[in-house]
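> Can you read through this structure? Questions will come right after.
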Amino acid sequence: MKIPETGAARESVLSKLSTYRQNDIDWRSGRTFAYIFDAGREAESVCKEAYMSFLSENALDPTVYPSLMRLENELVGMAAHHLGGNENTVGTFTSGGTESIILAVKATRDRARKLHPEIKKPQIVIPVTAHAAFHKAAHYLDLEVVLVDVDPETFRAIPEAVAKAITDQTILIVGSAPSYAHGVIDPIEELGRIALEKKVAFHVDACIGGFLLPYFRRLGDDVPPFELNVPGVTSISMDFHKYAYAAKGASVVLYNDPSFRQAQFFTCADWTGYTLINASIQSTKSGGPLAGAWAVLNYLGDEGYLEIARGLQSATRELVAGIEGIEGLKILGNPSMSLLAIGSDSVNLFHVVDEMKLRGWYVQAQLSYGKYPTNIHLSVHPGNVSGVKDFLIAFRDSVEAARKLPSRVLLDQLGPMLSELPKQLDTLGPEGFAALTSAVGAEGMKLPERMAGINELLDALPPAARGKLMTAFLDQMFQSEF
């Protein structure tokens with residue numbers, strides 16, 4: 001694959017791009033319950049126009065583009081007000097929840113290095129329901145992750161278990177508001193008291209729910225305190241590109257103590273070029289996401305968001321009632337917003353996911369982890385609201401179809417190979433991996449239409465083996481067309 005010798009016509013280029021999208025999910029249909037947060041064409045149009053108008057501006061240096069500095073300061077101010085901040089609250093606009101989390105962990109680590117040089121092997125204590133971004137942060141920043149079990153019925157963090165896991169090397173504990181997998185809020189007030197007592201930092205991951213939860217509270221839901229005004233909370237993250245409906249990527253990380261943000265910054269004067277100072281991980285970055293987020297917040301306004309939340313609240317209640325009315329299904333935990341995890345002791349949920357896909361709906365399979373069961377995840381967004389009744393019809397039909405399908409077919413075919421597979425993954429070369437993908441029904445890197453067998457295989461493997469297998473697969477997917 002080489003750069004074309006001559007340029008093509010504008011129409012030809014755009015047409016070719018369009019053909020590349022033919023197998024993408026049709027997210028505008030309202031039939032996708034993951035990855036998409038769609039508030040409708042008008043909000044999208046305003047957001048995109050603002051995004052494109054600042055696409056070429058570079059947010060690297062705020063002194064060159066003071067407009068971008070103003071947009072960021074206003075967005076951080078809105079986020080701080082929304083999340084119980086005060087005049088001391090500071091923050092940074094980021095590319096997404098993962099970057100916000102990495103920055104919060106980095107800030108905590110660097111501040112701890114300065115204030116507590118006796119800490120030689122920094123640890124972060126996180127519930128098993130905490131987002132994988134914390135593992136990523138620890139991986140990048142060379143920190144030890146201390147995992148803590150959660151209540152197997154409520155899926156909420158257990159404060160006593162968190163307190164017990166804290167050592168003299170702990171720099172940070174984490175709570176979710178809510179957790180992505182099950183949509184439940186950890187006991188933030190109790191965790192905050194532990195953070196104060198143990199003198200450790202406390203980050204609240206409100207990336208997916210921080211924007212929406214205050215509206216659900218105003219609409220009468222029992223949403224416990226989780227914001228910056230909870231004693232003990234030192235930082236919080238919240239995405240604008242989820243339930244604030246901004247364009248990706250748009251998030252924010254906020255701190256109650258400005259010294260944390262100073263520790264977040266990276267500055268380098270030890271080279272022959274300009275003195276580099278970055279508030280976030282990126283250096284050069286488009287002003288588009290800033291402008292898009294600012295525009296959609298100003299376009300929809302507080303009243304607009306409240307109305308959207310009202311529709312989400314009603315749709316979520318209807319979904320919960322409908323799903324719990326299907327024999328053999330249950331909602332895991334007690335979700336606090338429009339994130340649901342559907343479990344079952346009698347139905348193969350991987351078959352349900354496949355059957356829903358055949359009916360034109362996308363729902364997300366979540367594998368089991370230890371004592372925490374396999375489930376189907378739904379992230380409900382405004383585009384789903386009008387189709388709840390149709391979804392429930394399709395879901396009931398999919399469950400009934402799944403009841404009639406066999407399970408463990410691929411696992412039984414693999415037989416003794418299954419128990420040996422975790423050991424073999426360390427030495428599995430390209431030929432061995434090709435043989436394995438062929439055995440599970442993948443043609444080259446093209447996955448089969450029905451994924452139940454592959455999901456059963458992954459579910460049967462230990463988490464470490466799952467990771468190795470999926471890493472090898474991803475590595476094969478991204479091959480240059482040389």
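The values are calculated or read from the model by the stated rules, or taken from the named source; none is laboratory data. Computed from a prediction, not measured in an experiment: that's the story for all the values here. Cβ atoms come from the backbone with ideal geometry, glycine included; neighbour counts cover every protein chain shown. Areas reflect the complete protein model, heavy atoms only, side chains present, ligands, DNA and RNA absent. Shrake-Rupley method; radii C 1.70, N 1.55, O 1.52, S 1.80 Å.
> Can you name the strands (runs of 3 or more DSSP E) wholly within region 111-183 that have at least 2 residues being in contact with a strand residue (DSSP E or B) (Cβ under 6 Å, 6 or more places away or on another chain), at pLDDT 95 or above and open to solvent by less than 20 Å² (accessible area, probe 1.4 Å)?
123-127, 170-176
> Can I ask one more? Determine which member of the set Asn88, Asn23 is part of a loop (DSSP other than H, G, I, E, B) and modelled with pLDDT of 90 or more.
Working: Asn23 fails: modelled with pLDDT of 90 or more.
Every option except Asn88 fails the conditions.
> Related question: If Glu11 satisfies all but one of (1) modelled with pLDDT under 90; (2) more than 25 Å from the chain's Cα centre (by Cα); (3) exposed (fewer than 13 other Cβ atoms within 10 Å of the Cβ), what's the number of the condition it fails?
(1)
> Moving on to the next point. Can you go through Arg396, Arg403, Arg408 and tell me which one is modelled with pLDDT of 95 or more and over 30 Å from Asp38 (Cβ atoms)?
Numbers: Arg396 fails: over 30 Å from Asp38 (Cβ atoms); Arg408 fails: modelled with pLDDT of 95 or more.
Being modelled with pLDDT of 95 or more and over 30 Å from Asp38 (Cβ atoms) holds for just one of Arg396, Arg403, Arg408, which is Arg403.
> For Gly370, state whether it is under 22 Å from the mean Cα position of the chain (by Cα), farther than 24 Å from Gly220 by Cα and either modelled with pLDDT of 95 or more or surrounded by fewer than 23 Cβ atoms within 10 Å (Cβ to Cβ) (or both).
Yes.
> So, of the residues in region 39-77 that are charged (D, E, K, R) and in a loop (DSSP other than H, G, I, E, B), which turns out to be farthest from Gly249 (Cα to Cα)?
Asp61
> Do the conditions hold for Thr272, that is, is it in a loop (DSSP other than H, G, I, E, B) and β-branched (Val, Ile, Thr)?
Numbers: in a loop (DSSP other than H, G, I, E, B): yes; β-branched (Val, Ile, Thr): yes.
Yes.
> Looking only at region 39-47, decide whether some residue is surrounded by 10 or more Cβ atoms within 10 Å (Cβ to Cβ) and over 29 Å from Asp390 (Cα atoms).
Yes, that holds for at least one residue.
> Got at least one residue in region 28-36 being in a helix (DSSP H, G or I), closer than 29 Å to Glu227 by Cβ and modelled with pLDDT under 95? Write out each step before concluding.
Of all residues in region 28-36, those in a helix (DSSP H, G or I) come to 28-29.
With the extra rule that they be closer than 29 Å to Glu227 by Cβ, the set shrinks to none.
No, there is no match, as no residue in region 28-36 is in a helix (DSSP H, G or I), closer than 29 Å to Glu227 by Cβ and modelled with pLDDT under 95.
> Starting from residues that are part of a helix (DSSP H, G or I) and within 17 Å of Ile323 (Cα to Cα), keep the ones in region 373-391 and report whichever is most open to solvent (accessible area, probe 1.4 Å).
Checking each candidate, the answer is Lys389.
> Then there is this: Name every residue in region 210-239 that is of a type in the set (Phe, Trp, Tyr) and either in a helix (DSSP H, G or I) or without any contact (Cβ under 8 Å) to a residue 24 or more places away in the chain (or both), in order of residue number. Walk me through how you get there before you give the answer.
The initial filter retains those residues of region 210-239 that are of a type in the set (Phe, Trp, Tyr), namely 211, 215-216, 226.
Correct list: Tyr215, Phe216.
> Could you check how many residues of region 2-16 are of a type in the set (Asp, Glu) and assigned to a helix (DSSP H, G or I)? Break it down stepwise before answering.
Step one: list which residues in region 2-16 are of a type in the set (Asp, Glu), which gives 5, 11.
Pick out the ones that are also assigned to a helix (DSSP H, G or I) and you get 11.
Going through region 2-16 one residue at a time, the tally reaches 1.
> Under 6 Å by Cβ, and 6 or more places apart or on different chains, what pairs join a residue from region 10-39 that is touching a residue at least 40 places away in the same chain (Cβ under 8 Å) and of a type in the set (D, E, K, R) with one that is open to solvent by less than 70 Å² (accessible area, probe 1.4 Å) and part of a helix (DSSP H, G or I)?
Within 6 Å, the pairs are Asp38/Gly383.
> Continuing with the same structure: Please verify whether Gly311 is under 12 Å from Ala244 (Cβ atoms) and out of contact with any Leu (no Cβ under 8 Å at 6 or more places or on another chain), treating the condition exactly as stated. Don't jump to the end; show me each part of the working.
Details: under 12 Å from Ala244 (Cβ atoms): no; out of contact with any Leu (no Cβ under 8 Å at 6 or more places or on another chain): yes.
When the stated conditions are applied, Gly311 does not pass them.
> If you don't mind, there's one more thing I want to ask. Counting only residues that are over 18 Å from Leu421 (Cα atoms) and in contact (Cβ under 8 Å) with a residue 60 or more places away in the chain, how many does region 464-479 have?
The total comes to 0.
> In addition: What tally of residues in region 227-282 results from selecting those that are open to solvent by 30 Å² or more (accessible area, probe 1.4 Å), under 28 Å from Tyr35 (Cβ atoms) and in contact with a strand residue (DSSP E or B) (Cβ under 6 Å, 6 or more places away or on another chain)?
Residues flagged as open to solvent by 30 Å² or more (accessible area, probe 1.4 Å), under 28 Å from Tyr35 (Cβ atoms) and in contact with a strand residue (DSSP E or B) (Cβ under 6 Å, 6 or more places away or on another chain) within region 227-282 amount to 1.
> Please verify whether region 76-97 includes one or more residues that are of a type outside the set (Val, Ile, Thr), farther than 30 Å from Pro231 by Cβ and either buried (at least 20 other Cβ atoms within 10 Å of the Cβ) or under 24 Å from the mean Cα position of the chain (by Cα) (or both).
Step one: filter region 76-97 for residues of a type outside the set (Val, Ile, Thr), giving 77-88, 91, 93, 95-97.
Narrowing further to those that are farther than 30 Å from Pro231 by Cβ: 95.
Remaining after also requiring either buried (at least 20 other Cβ atoms within 10 Å of the Cβ) or under 24 Å from the mean Cα position of the chain (by Cα) (or both): 95.
Checked region 76-97: at least one residue is of a type outside the set (Val, Ile, Thr), farther than 30 Å from Pro231 by Cβ and either buried (at least 20 other Cβ atoms within 10 Å of the Cβ) or under 24 Å from the mean Cα position of the chain (by Cα) (or both).
> Within the set of pairs 6+ apart or on separate chains, which have a first residue in region 392-409 that is open to solvent by 20 Å² or more (accessible area, probe 1.4 Å), a second that is at pLDDT 95 or above and among the polar types (S, T, N, Q), and C-beta atoms under 7 Å apart?
Leu405/Asn348; Ser407/Asn348
> When you scan region 355-367, how many residues do you find that are open to solvent by 10 Å² or more (accessible area, probe 1.4 Å) and either within 18 Å of Val388 (Cβ to Cβ) or charged (D, E, K, R) (or both)?
Selection size over region 355-367: 7.
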